[in-house]
1. Could you give the size of the charge dipole of region 43-172 about its Cα centre, using +1 on the Cβ of each K and R and -1 on the Cβ of each D and E, expressed in debye and rounded to the nearest 20?
2. Regarding region 175-322, what whole-number volume in Å³ per residue does the convex hull of its Cα atoms give?
3. If you look at just the Cα atoms of region 284-398, how large are its Rg and its Dmax in Å?
4. Which value, to two decimals, describes the C-alpha radius of gyration of region 156-205 once divided by 2.2 N^0.38 Å?
5. Arrange Tyr327, Tyr214 by Cβ neighbour counts within 10 Å, fewest through most, would you?
6. Under the rule of -39500 (n - 2.57) per DSSP H run of 4 or more residues, summed and divided by the residues of the chain, what mean residue ellipticity at 222 nm is obtained, to the nearest 500 deg cm²/dmol?
7. Roughly speaking, what is the stretch gain from Glu286 to Arg233, that is 0.36 nm per residue apart minus the C-alpha to C-alpha distance, in nm to one decimal?
8. Loop only per DSSP, at most 11 neighbouring Cβ atoms within 10 Å: give me the GluC sites (Glu not before Pro) in region 333-439, ordered by residue number.
Amino acid sequence: MAGKVIILGGGESGVWSAALGMVNGWDVFLSDSGMIKDENKAVLLQYSVRFEEGVHSFDPQELADIVVKSPGISDEAATVQFFTQLNIPVISEIEWAFRFQDKKIVAITGSNGKTTTTKLTWHLLHEAGLNAGLGGNIGKSFAHLLMDEPERDIYVLELSSFQLDGIDTFRANVAILLNITPDHLDRYHYDIMEYAASKGRICLNQTIGDVLIYHAQDELVNMVLADAAPEVRRIPVSFNEFQNESIKLSDGSLLTLETTGLRGRHNAFNAICALEVGRAFNLPLEDLQHSLNSFVNEPHRLEDVGELDGVVYINDSKATNVDAVFYALEAMNKPTVWIVGGQDKGNDYSALDARVREKVKTIVCMGVDNAKLMTHFGEFGIQIFSTSSLDEALQTARQASVSGDAILLSPACASFDLFNNYMHRGDLFREWVLEQKKL
Ligand code: ADP
């Protein structure tokens, strides 16, 4: 039965939640305390959604049956508290959209590797001829997918911890929990267990016939999945299933990464998880290998952007935490000049010490404040520089490198001190290399 819904936030997930509500006969009101982008406003106008921007003004006479919160809004926000105190359910857009469909859901979460694994999973299903849609935390929001691509049989969704926080009846037929390492702790009272518990919600409501694919060697993952329903089919995945570019699935089948563009142990792990989904949908092994070979990863993730004077340049700008850098360094097979730094998120760099000693010949810190990095790595006896712009960092890295080396941008930090976002940082890195090649 349709009722009244208030949607908080006029971003991608908010406006499409509103549209979804409208076409399903709900009385919808959307409120954004900031200004709504023109393209999003156009969606609201197209579906005749009542909305306000620049202010949250709720008429107590107009209270909703349910509130849908955008993932960017914290549970502690005054507006959210207002409704929780009135015992009005506040749910995420994922939960909201879930209630309007009955298709198969593949849901993927983790601290690192979500996008790669989600895209690869979708690619495997799509190439095999299954009618699958892709979205969630990347590309189209789930509500947007349901509006644009209602005919899909399967939805492959990347989910963030914020999106999982607000689910209630959402159920994934196939769920993947890749790993849990510190990230976004500012939203979880700096409590890793609280953040881990959010990730663990990926298996909420899973039941007989459902599949749960997870990192068997990750302590936090095992801890938060301990309560998963016993009838769910569990597929633990470990790094041991990858040797000499060969990967082994839980049913014993073997595939190779040699013929693919995927590099590094972390990507082998992501590939195994995605392939297990393929097997759960009974896709033949030859088809899976074929699709694996044709997969092209998103930019900014160990992206090879070209070579200058025999030096390879690798853009891993998406590595905004220490764990992602750990695997990037591990994947390097040339003496490496490492560009690191930006806005520190409370990082503990010591997890990188052994990898840095083994792989890195020069460290180039790039940020407004490099003090923490300079202090931590300054005593390693490795050449280290402090720079404060991309151009300076790249000039320095170029001078420090010789033919046969690699220059790796893998910052371990957010980009906001010098760039708009990680994509901006990675795009400028790539452009710089392409410009130099023209000279
Ligand atoms: P997410 O969507 O979770 O941020 P991405 O696939 O975009 O994940 O990758 C983000 C960063 O993490 C990249 O630098 C990538 O090389 C690295 N990465 C990818 N998969 C993993 C993994 N399984 N474990 C650790 N790091 C990973």
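Computed from the coordinates by the stated procedures, all read-outs in this text should not be read as laboratory data. Remember, it's a predicted structure, so these values are computed and weren't measured experimentally. Note: ideal-geometry Cβ built from the backbone for every residue, glycine included; neighbour counts use all protein chains shown.
1. Numbers: 10 positive and 18 negative charges, 95 e Å.
The dipole magnitude comes to about 460 debye.
2. Numbers: hull volume 19.6 nm³, N = 148.
It comes to 133 Å³ per residue, whole-number rounded.
3. Every Cα atom of region 284-398 included, Rg and Dmax give 15.9, 53 Å.
4. Values: Rg = 10.8 Å, N = 50, 2.2 N^0.38 = 9.7 Å.
Computed over Cα atoms of region 156-205, the ratio equals 1.11.
5. Numbers: Tyr327 21, Tyr214 25.
With the fewest neighbours first, Tyr327, Tyr214 line up as Tyr327, Tyr214.
6. Values: 16 runs with 154 residues, N = 439.
Counting only the DSSP helices, I get -10000 deg cm²/dmol.
7. Details: separation 53, 0.36 × 53 = 19.08 nm, distance 2.41 nm.
Full extension from Glu286 to Arg233 adds 16.7 nm.
8. Values: sites: Glu358, Glu379, Glu392, Glu431, Glu435; in loops: Glu379.
Counting only loop positions with at most 11 other Cβ atoms within 10 Å, the GluC sites (Glu not before Pro) in region 333-439 are Glu379.
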